[in-house]
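Every number here is computed from the coordinates shown, using simple stated rules; none is lab data. In this text the structure is predicted, and so the values were computed from the model without any measurement. Please note: Cβ atoms are built from the backbone with ideal geometry, for glycine as well, and neighbour counts cover all protein chains shown.
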Amino acid sequence: MVLKIIKAGLNDEFNRLFHFQTVSILQMLVRIICNNYLDPKFEIVFMKKLLTLILLIFTLAIAANAQKKSNTEQYITRLSEEKFMYMHPDSLEKLKPFLDERLVYIHSSGSTESKADMLKNITDGKWMLTDVKVKTPKVRVFKSSTAILNAQGHFSVVGNGNKSEIDLLYTEVWAKYKEGWKLISRHASRIN
């Protein structure tokens, strides 16, 4: 019980001292900026304005960081959609830079392809995309080097000469390398 009282007293003393030091530092800044000792009422008003300015700068810095993330999210969304345009035998050279060498591409049927498998299957006409309409893409960026995109899409596919329309829910994982962002994994499920 005695220890609790002593500890509570020390906490109160620390809080009072910390508040006093903060106010003293602000008063010193005000006096340095104004180059003399001013009326105490003016100092308080000036300190409030200075604190408001500091908080505003801090808020703007946070907002700028959020905007940076938003730009990355928009970039990944554009990359993902652009990649679909090149999933055609005539555009494979443009598709290759989007794909990581260790890519795992899982179709809604459950079949899995590597980068080499995907390129070969598109070349051989096993499958290709003719149109994709992406809905509700959402990107989450982690440590500025990994991005996960979740989206729905309506896919027009030609597989072994047969046309089909498929609605999918899919997840793509993108990694940032020196040469840019690359797709490292994709998994899709059919929406009934």
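Step through the table entries LYS133/LYS182; LYS83/LYS178; LYS143/LYS163; LYS48/LYS143, compare each Cα-Cα distance with 29 Å, and write down the pairs that go over it. Pairs exceeding the cut-off: LYS143/LYS163; LYS48/LYS143. Placing a label point 7 Å from the Cα of LYS163 along the Cα-to-Cβ direction, the residues of the range 125-142 whose backbone N falls under 20 Å of that point are 125-134.
Once the Cα-Cα distance is subtracted from the 0.36 nm per residue extended length, the LYS135 to ALA175 segment shows a gain of 12.2 nm. Less than 17 Å from a label point 7 Å out along the Cα-to-Cβ axis of GLU93: which backbone N atoms in the range 178-192 qualify, by residue? The answer is none, because no backbone nitrogen lies closer than 17 Å to the label point.
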